[in-house]
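A.B. asks: This structure is in structure tokens; I'll ask about it shortly.
The values are calculated or read from the model by the stated rules, or taken from the named source; none is laboratory data. Here the structure is a predicted model, which is why all the values come from computation and not from measurement. All Cβ positions, even for glycine, are placed from backbone atoms using ideal geometry, and neighbour counts span all protein chains on display.
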Amino acid sequence: MDNTASRPATPLHLWAVALVSLLWHAGGALDYTMTQTRNMDYLQQAADGAGVPLQVILDYYTTFPVWADAAWAFGVWGALAGSILLLLRSRFALYGFYLSLLGLIASTIHQLTADLPPELNSPFTWAFTAAIVIVLVALIIYTRRMTERGVLR
């Protein structure tokens, strides 16, 4: 018996949301990878773009406690996995986004409690963190609705 006949058609917006989500989170994965591997060209460009000395960025990221690095990893890779699973129309995308949310909460706690250098404690930093939270919560809500409607299998 074929269960696909009773499953609703995949709406076009799912493809758009999944693709934009994948691109957004791929950017986060690139940033994480380049920062963790200490890619100096990438970090110098980031420093120049933010108007921050490279040494400030290096000092900040090299002093992360292990739990904060792990939280950042869960946030980044959970979101990327969620995006890929959403593109594959899997209900398990929700678990990737939940994992990402846990990582985001923990890494934000670190950001709030760490001794942020003044150059990195800017309105832009907090606005970008807020944007990440908003996007992730919206993806969780969207993915839950698509699962409830039977679009995701």
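A.B. asks: Could you tell me which residue of the stretch 81-91 is farthest from Arg144 (Cα to Cα), considering only residues that are surrounded by 17 or more Cβ atoms within 10 Å (Cβ to Cβ) and free of Cβ contacts under 8 Å to residues at least 24 places away in the same chain?
C.D. replies: If we take residues in the stretch 81-91 being surrounded by 17 or more Cβ atoms within 10 Å (Cβ to Cβ) and free of Cβ contacts under 8 Å to residues at least 24 places away in the same chain, then Ala81 is farthest from Arg144 (Cα to Cα).
A.B. asks: Residues in the stretch 59-80: is at least one among the polar types (S, T, N, Q), surrounded by fewer than 16 Cβ atoms within 10 Å (Cβ to Cβ) and under 16 Å from the mean Cα position of the chain (by Cα)?
C.D. replies: For the stretch 59-80, residues among the polar types (S, T, N, Q), surrounded by fewer than 16 Cβ atoms within 10 Å (Cβ to Cβ) and under 16 Å from the mean Cα position of the chain (by Cα): absent.
A.B. asks: Quick one: which residue in Leu88, Leu104 is touching a helix residue (DSSP H, G or I) at 6+ places or on another chain (Cβ under 6 Å), at pLDDT 95 or above and of a type outside the set (Lys, Arg)?
C.D. replies: Unique residue meeting the criteria: Leu104.
A.B. asks: Please state which of the following conditions Asp41 fails to meet, knowing it meets all the rest: (1) touching a residue at least 24 places away in the same chain (Cβ under 8 Å); (2) part of a helix (DSSP H, G or I).
C.D. replies: Among (1) touching a residue at least 24 places away in the same chain (Cβ under 8 Å); (2) part of a helix (DSSP H, G or I), the lone unmet condition for Asp41 is (1).
A.B. asks: So which residues in the stretch 130-153 are in contact with a Phe, Trp or Tyr (Cβ under 7 Å, 6 or more places away or on another chain) and hydrophobic (A, V, I, L, M, F, W, C)?
C.D. replies: Matches in the stretch 130-153: Val135, Leu136, Leu139, Ile140.
A.B. asks: So, one more: Run down Phe97, Phe64 and say which single residue is part of a loop (DSSP other than H, G, I, E, B) and touching a helix residue (DSSP H, G or I) at 6+ places or on another chain (Cβ under 9 Å).
C.D. replies: Of the residues listed, the single one that is part of a loop (DSSP other than H, G, I, E, B) and touching a helix residue (DSSP H, G or I) at 6+ places or on another chain (Cβ under 9 Å) is Phe64.
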